[in-house]
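*Asks:* I have a structure here, written as structure tokens, and I will follow up with some questions on it.
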Amino acid sequence: MDPGLDGDQGLSTAAASPPGTPRRAGLRRGLAAGLHRHAGARLALLLSAPLAWLGVAYLGALAALLVTAFWSTDSFTGELVRTFTWANFQDVLTVDVYRTVALRSLGVAVAVTLIDVVIAFPMAFAMAKLASPRAQRWLVIAVLTPLWASYLVKAYAWRVMLSSDGLLGWGYGLPATIATLAYLWLPYMILPIYAGLERLPNSLLDAAGDLGARGPRTFRTVVWPLTFPAVVAGSVFTFSLSLGDYIAVKIVGGRSQLIGNVVYDNIGAAGNLPFAAAVAAIPVLIMLVYLAAVRRTGALDNL
Amino acid sequence: MFCVMPDQNVAVRLRGLRKSFGPVEAVAGVDLDIADGEFFAMLGPSGSGKTTVLRMIAGFETPTAGTVELGGRDVTRLAPFERDVNTVFQDYALFPHMSVRENVEYGLRVKKVPRAERRERAAEALRSVRLAGFEQRRPAQLSGGQRQRVALARALVNRPRVLLLDEPLGALDLKLREEMQVELKELQRRVGITFLFVTHDQEEALTMSDRVAVFDQGRIEQVGTPAEVYERPSTVFVAGFVGTSNLISGEAAEAVLGRPGTFSVRPEKLRLVLDLDAPVGDGDHSATGRIAEVVYAGAATRFVVDLDAGPRIVVLQQNLQVSSMDVTGLRETRVRLVWDRRHEFSVAS
């Protein structure tokens with residue numbers, strides 16, 4: 001093959017290449033051939049950037065958070081004191097207000113997750129199993145579209161709806177917060193369940209009906225066990241996003257506070273970064289416990 | 001096209017069955033009676049509507065028009081779980097999160113059969129498909145042939161009136177398929193249940209079934225025993241789909257057979273004679289031509305012969321005395337084809 005021909009296919013024409021091109025193309029081809037022969041090098045090249053990002057931005061930030069949580073601030077000057085202390089964690093665990101807030105946040109996250117599962121499952125089922133391919137495409141777009149709109153706009157839309165003279169008129173508070181969060185995170189529950197149901201062969205549903213099972217039993221014995229990993233995947237999103245939220249509750253929560261608010265207030269108004277870090281460790285801890293529990297059920301084996 | 005049977009012997013009765021998917025008419029009017037205890041094949045190319053008919057009998061699809069009767073009862077509008085049939089799916093559709101035993105017991109559990117009886121019947125069903133001892137395995141730990149047999153056991157354990165099989169052997173390799181053909185046939189004789197199976201493989205349909213319905217474009221072209229369908233195909237489509245058709249029509253028919261129409265002779269009914277001047281017997285017809293291609297296939301050889309009268313004819317000869325060296329040299333040779341008149345039949349085009 002003409003060495004000038006491979007390389008830049010499509011854009012530049014081989015005939016117009018300057019005289020130096022063949023050698024550069026040869027080098028490039030040598031590199032490509034080398035990569036082809038060394039699977040390890042290929043893997044390293046592909047993974048190095050994403051892994052560096054994960055390592056620095058994610059694990060690094062988490063580590064910094066954990067370290068900060070063991071520091072304190074000088075109560076007069078407000079400056080950081082970089083000496084080890086358990087005081088922040090003691091406060092978080094022993095002061096009643098923080099315990100209440102932590103439990104309330106957990107309750108909100110659980111409620112949001114359950115509501116989303118209940119709403120998302122029928123929707124995902126209709127999308128994956130009942131809709132025509134054309135309708136299916138439109139439904140996926142319909143589920144995704146709200147994600148393109150600003151978080152704030154959506155939260156304020158709910159504020160308008162929930163206000164005492166609004167469409168729903170519930171007023172503000174925890175129920176309003178749960179409803180708003182359930183709405184905001186719904187797509188994150190629908191999409192994994194939809195993907196899980198897509199992978200579930202239709203013949204399994206036919207087979208259950210063929211063997212005498214009605215809808216509810218087919219759901220309980222075939223559909224649910226096989227899509228449970230997808231539900232777990234969705235719940236990890238809704239659960240962790242709810243645990244970390246502090247804006248929706250500010251907009252529609254009335255006087256209620258969640259963990260996120262405590263963190264935010266301590267960083268902002270109070271300027272107590274170490275205490276904020278200790279509080280922020282709570283959701284991380286809860287998520288770790290949750291993931292461990294999920295792992296024990298074996299739901300992640302099939303992911 | 002169909003023979004009417006007394007009601008008590010009819011396992012499946014289809015009348016005027018139609019199914020449209022949007023503008024596409026998948027099944028365009030099917031009438032069929034299948035007797036109790038029959039091993040019945042629905043044969044046809046893909047898209048001929050045979051699988052849709054099966055799915056309407058199982059209850060997975062609702063007919064656009066017409067009726068489905070099972071054992072004399074109209075079940076056209078009933079859900080799958082209300083019908084006395086069970087299905088062996090093309091992909092087996094075993095529940096991957098259940099053991100072999102749980103799969104086989106599923107139908108019995110739904111019907112609230114007591115645990116002890118359930119165990120016993122499941123064990124018996126697994127024995128009948130030679131899978132005793134596999135109760136604790138997961139479907140993923142089984143080979144294709146074993147999964148197929150679990151699917152059979154799972155359906156048969158419910159003792160349905162009719163067992164529906166959708167391309168049951170399609171996913172198996174040739175050797176296993178041939179074994180399973182024999183095994184299925186034996187199993188059906190033993191349990192005495194009506195087997196209704198769908199296939200696109202004409203050999204499978206001919207070797208296994210008591211009767212065959214040949215489907216094309218949503219209609220039944222012919223119903224009959226394998227011998228009837230093969231020896232006396234009623235249409236050009238059946239002649240071509242079940243075996244090689246070797247059609248002689250138009251002017252060629254006038255020239256060779258001395259009468260107008262469309263005729264067909266099966267390849268194995270033809271004799272290849274190298275001596276062009278050899279006398280032709282009283283009851284025989286013959287035609288001359290040139291060998292265009294020779295395909296040696298071990299036990300037999302296929303000769304493709306271009307007749308002087310026009311049509312291209314395939315001849316199948318057993319390799320009784322010859323070897324590949326002998327036959328491949330025959331290309332381009334002029335030959336005479338001779339056949340018994342009784343083996344030529346007229347087909348509707």
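*Asks:* For segment A:189-229, what number results from the quotient of the Cα radius of gyration and 2.2 N^0.38 Å?
*Replies:* Values: Rg = 10.3 Å, N = 41, 2.2 N^0.38 = 9.0 Å.
Here the answer is 1.14, to two decimals.
*Asks:* Right, another one. Over the Cα atoms of segment A:236-303, how large are the radius of gyration and the largest Cα-Cα distance (Dmax), in Å?
*Replies:* Answer for segment A:236-303, Rg first and Dmax second: 14.7, 46 Å.
*Asks:* Could I ask something else about it? Over the Cα atoms of segment B:54-149, compute the convex hull volume and normalise it per residue, giving Å³.
*Replies:* Cα convex hull per residue, to the nearest whole number: 119 Å³.
*Asks:* For segment B:218-257 and segment B:142-184, write down the distance between their C-alpha centroids in whole Å.
*Replies:* Centre-to-centre (Cα) distance: 31 Å.
*Asks:* Just to be sure I understand the rule: take each whole DSSP H helix in chain A, project its Cα atoms onto its long axis, keep it if the span is 20 Å or more and its mean Kyte-Doolittle hydropathy is at least 0.5. Which ones pass? Write down the numbers at each step before the final one.
*Replies:* Details: long enough: A:21-37 (24 Å, -0.73); A:39-53 (22 Å, 1.32); A:96-125 (43 Å, 1.49); A:133-148 (23 Å, 0.61); A:174-199 (37 Å, 1.00); A:224-244 (29 Å, 1.30); A:273-297 (37 Å, 1.76).
Counting only whole DSSP H runs, the qualifying helices are A:39-53, A:96-125, A:133-148, A:174-199, A:224-244, A:273-297.
*Asks:* In addition: Could you tell me which of B:VAL265, B:TYR92, B:LEU307 has its Cα farthest along the dipole of chain B towards the positive end, charges placed at Cβ (Lys, Arg +1; Asp, Glu -1), taken about the Cα centre?
*Replies:* Working it through, the farthest residue towards the positive pole turns out to be B:TYR92.
*Asks:* Between A:ALA63 and A:LEU130, how many nm apart are label points set 7 Å from Cα along the C-beta direction?
*Replies:* 5.1
*Asks:* While we're on this one: Using a 10 Å cut-off on Cβ to Cβ distances, tally the other chain neighbours for every residue of A:219-229 and report the average as a whole number.
*Replies:* Partner-chain Cβ atoms within 10 Å, mean over residues of A:219-229: 2.
*Asks:* Ranked from highest to lowest mean number of other Cβ atoms within 10 Å per residue, what is the order of the peptides B:46-55, B:86-95?
*Replies:* Listed from highest to lowest mean packing, they are B:86-95, B:46-55.
*Asks:* Taking every residue in B:82-95, how many Cβ atoms of other protein chains lie within 10 Å of its Cβ, on average?
*Replies:* Working: counts 3, 3, 0, 1, 4, 6, 2, 7, 1, 5, 3, 11, 3, 8.
What the average comes to for B:82-95 is 4.
*Asks:* Right, something else. Could you tell me what percent of the accessible area of segment A:87-302 is made up of carbon and sulfur, with a 1.4 Å probe and every protein chain present?
*Replies:* 67
*Asks:* Separate question: Among the aspartates and glutamates, select those whose C-alpha is under 13 Å from the C-alpha of B:LYS50, and discard any that sit fewer than 8 residues away in the same chain.
*Replies:* B:GLU25, B:ASP31, B:GLU61, B:ASP166, B:GLU167, B:ASP201, B:ASP216, B:GLU221
*Asks:* Are there trypsin sites (Lys or Arg not before Pro) in segment A:20-129 that DSSP marks as loop and that have at most 11 other Cβ atoms within 10 Å, and which are they?
*Replies:* Taking segment A:20-129 and a limit of 11 other Cβ atoms within 10 Å, the loop trypsin sites (Lys or Arg not before Pro) found are A:ARG82.
*Asks:* Okay, moving on. Work out the length of the dipole vector of segment B:7-241 about its Cα centre, built from +1 on the beta-carbon of each Lys and Arg and -1 on the beta-carbon of each Asp and Glu, and round it to the nearest 20 debye.
*Replies:* Numbers: 34 positive and 33 negative charges, 234 e Å.
About 1120 debye.
*Asks:* Over the protein assembly as shown, give the accessible area per residue in Å² for a 1.4 Å probe, as an integer. Spell out each step's value before the answer.
*Replies:* Values: 33340 Å² over 652 residues.
Here the residues of the protein assembly as shown average 51 Å² of exposed surface.
*Asks:* Grab the Cα-Cα distance for B:SER99 and B:ASP84, subtract it from 0.36 nm times how many residues apart they are, and report the gain in nm with one decimal.
*Replies:* My answer for the length gained is 2.9 nm.
*Asks:* Now a separate question. Go through B:PRO226, B:TYR296, B:SER209 and say which Cα lies farthest out towards the positive end of the charge dipole of chain B; charges sit on Cβ, +1 for Lys and Arg, -1 for Asp and Glu.
*Replies:* Positive-most Cα among the choices belongs to B:SER209.
*Asks:* I would also like to ask the following. Keeping the other protein chains in place, figure out the carbon and sulfur percent of the accessible area of chain B, with a 1.4 Å probe. Don't jump to the answer; show the numbers that get you there.
*Replies:* Details: 7670 of 15670 Å².
So the carbon and sulfur contribution to the accessible surface is 49 percent.
*Asks:* Using the beta-carbon distance between B:SER323 and B:GLU178 and R0 = 25 Å, what value does 1/(1 + (r/R0)^6) give for FRET efficiency, to the nearest 0.05?
*Replies:* 0.45
*Asks:* Something else now. Running Debye on chain B with equal point scatterers at the Cα sites and no solvent, what base-10 log of I(q)/I(0) appears at q = 0.09, 0.12, 0.14 Å⁻¹?
*Replies:* -0.61, -0.92, -1.10
*Asks:* Another question, then. Using protein heavy atoms only (no ligands, DNA or RNA), what is the total accessible area buried between B and A, 1.4 Å probe, nearest 100 Å²?
*Replies:* Summing both sides, the interface buries roughly 1700 Å².
*Asks:* Among the DSSP beta bridges whose two residues both lie in segment B:7-241, what percent are antiparallel, rounded to the nearest 5? Let's see the in-between values first.
*Replies:* Details: 21 of 39 bridges.
In segment B:7-241, DSSP labels about 55 percent of beta bridges as antiparallel.
*Asks:* Could you state the number of Å between the C-alpha centres of segment A:190-218 and segment B:58-105?
*Replies:* 14
*Asks:* A further question follows. Which whole number gives the average, over all residues in A:195-203, of C-beta atoms from other chains lying within 10 Å of the residue C-beta?
*Replies:* Taking the mean over all residues of the peptide, I get 2.
*Asks:* A follow-up question, please. Return the residues of segment B:38-81 for which accessible area with all protein chains present is lower than in the chain on its own by 50 Å² or more; set the probe to 1.4 Å and exclude ligands, DNA and RNA.
*Replies:* B:PHE81
*Asks:* In what sequence, largest accessible area first, do A:LEU106, B:LEU126, A:LEU130 appear using a 1.4 Å probe? Don't jump to the answer; show the numbers that get you there.
*Replies:* On the way: A:LEU106 55, B:LEU126 0, A:LEU130 130 Å².
These residues rank, largest area first, as A:LEU130, A:LEU106, B:LEU126.
*Asks:* Counting just the Cα atoms, what span does segment A:44-169 cover along each of its three principal axes? Round to the nearest Å and put the largest first.
*Replies:* Here the Cα extents, ordered largest to smallest, are 63, 56, 24 Å.
*Asks:* Rounded if a/c is under 1.5, else prolate if a/b beats b/c, else oblate: with a ≥ b ≥ c from the C-alpha gyration tensor eigenvalues square-rooted, which is chain A? Mind dumping the intermediate values first?
*Replies:* Values: a/c = 2.01, a/b = 1.24, b/c = 1.63.
It comes out oblate by the Cα gyration axes.
*Asks:* Please compute one quarter of the surface area of the Cα convex hull for the protein assembly as shown and express it in square nanometres.
*Replies:* Its Cα hull, projected and averaged over all orientations, spans 49.0 nm².
*Asks:* Just subtract the alpha-carbon distance of A:ALA149 and A:LEU45 from 0.36 nm times their residue separation and send over the number in nm, one decimal.
*Replies:* On the way: separation 104, 0.36 × 104 = 37.44 nm, distance 3.54 nm.
So the chain would gain 33.9 nm between A:ALA149 and A:LEU45.
*Asks:* Going by Cα centres, segment A:92-150 and segment B:29-57 are how many Å apart?
*Replies:* When both Cα centres are located, 46 Å separates them.
*Asks:* Out of the DSSP beta bridges found with both residues in the protein assembly as shown, what percent are antiparallel (nearest 5)?
*Replies:* Within the protein assembly as shown, antiparallel bridges account for around 75 percent of the total.
*Asks:* Right, next: Determine, at each q value in 0.11, 0.24 (inverse angstroms), the log₁₀ of I(q)/I(0) that the Debye formula gives when each Cα of segment B:246-346 is one equal point scatterer.
*Replies:* -0.31, -1.36
The values are calculated or read from the model by the stated rules, or taken from the named source; none is laboratory data. Keep in mind it's a predicted model, so treat the numbers as computed, not measured. Here Cβ is always computed from backbone atoms with ideal geometry, including for glycine, and neighbour counts include all displayed protein chains. Please note that ligands, DNA and RNA were not included when accessible areas were found on the heavy atoms of the full protein model with its side chains. Shrake-Rupley method; radii C 1.70, N 1.55, O 1.52, S 1.80 Å.
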